[in-house]
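Q: The structure that follows is given in the form of structure tokens.
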Amino acid sequence: MKKRIIGFVILFCIAIGLYLVFNYNSEEKATFPETKQLVDPERISRELALITNEVMEGLKSNNLVGDIHTDYQESVTVQTSISSSDKKAQTLKNDIEETVDEIMKSDKLKAVSKIKSYQIYVSNKDGEIIE
């Protein structure tokens, strides 16, 4: 009786091991559990670089613009040297936002996934978002 139980346990362990070996896919990409979408780190890097480069290129004539920060499928933040006390801060912010919005809608960025999901923010010289 003990030999049968031991034999059954061994066969059961072998079956589980074979199942795990044949059903494990090491090429499978990571997924976000809440969206079940495949995540390709190379594609994310390419899209972020494309967005950042296009925005930088579009704003290069604006001497107030510093750095561009892009959060994947969330936001583009343009850092500026605008002073919070500047009376034209709101107008300057609106001009930058409009330019970035036009860039985001351009044909060059149509291949970017969920391009419409990006929010555009402009920060002042202290790093605070201009409202």
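Q: Being touching a strand residue (DSSP E or B) at 6+ places or on another chain (Cβ under 6 Å) and farther than 11 Å from Ser123 by Cα is the filter here; which residues of segment 65-96 pass it?
A: Within segment 65-96, Thr70, Ser75 meet the criteria.
Q: Buried (at least 19 other Cβ atoms within 10 Å of the Cβ) and within 30 Å of Arg43 (Cα to Cα): is that true of Thr80 in this structure? Explain how you work it out, then say what you get.
A: On the way: buried (at least 19 other Cβ atoms within 10 Å of the Cβ): yes; within 30 Å of Arg43 (Cα to Cα): yes.
Yes; evaluated as a whole, the condition is true for this residue.
Q: Out of segment 80-110, which residues are more than 15 Å from Gly58 (Cβ to Cβ) and out of contact with any helix residue (DSSP H, G or I) (no Cβ under 8 Å at 6 or more places or on another chain)?
A: Going through segment 80-110, the residues more than 15 Å from Gly58 (Cβ to Cβ) turn out to be 81-94, 110.
Across segment 80-110, the qualifying residues are Ser81, Ser84, Ser85, Lys87, Lys88, Ala89, Gln90, Thr91, Leu92, Lys93, Asn94, Lys110.
Residues are listed down the side, and each one gets a yes or a no for (1) part of a helix (DSSP H, G or I); (2) surrounded by 12 or more Cβ atoms within 10 Å (Cβ to Cβ); (3) modelled with pLDDT under 75:
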residue	(1), (2), (3)
Ile6	yes, no, no
Cys13	yes, no, yes
Asn25	no, no, yes
Lys29	no, no, yes
Arg43	yes, yes, no
Glu57	yes, no, no
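Q: Being loosely packed, with under 11 Cβ neighbours inside 10 Å and under 23 Å from the mean Cα position of the chain (by Cα) is the filter here; which residues of segment 86-107 pass it?
A: Glu102, Asp107, listed by residue number.
The values are calculated or read from the model by the stated rules, or taken from the named source; none is laboratory data. Since this is a predicted model, take the numbers as computed values, not measurements. All Cβ positions, even for glycine, are placed from backbone atoms using ideal geometry, and neighbour counts span all protein chains on display.
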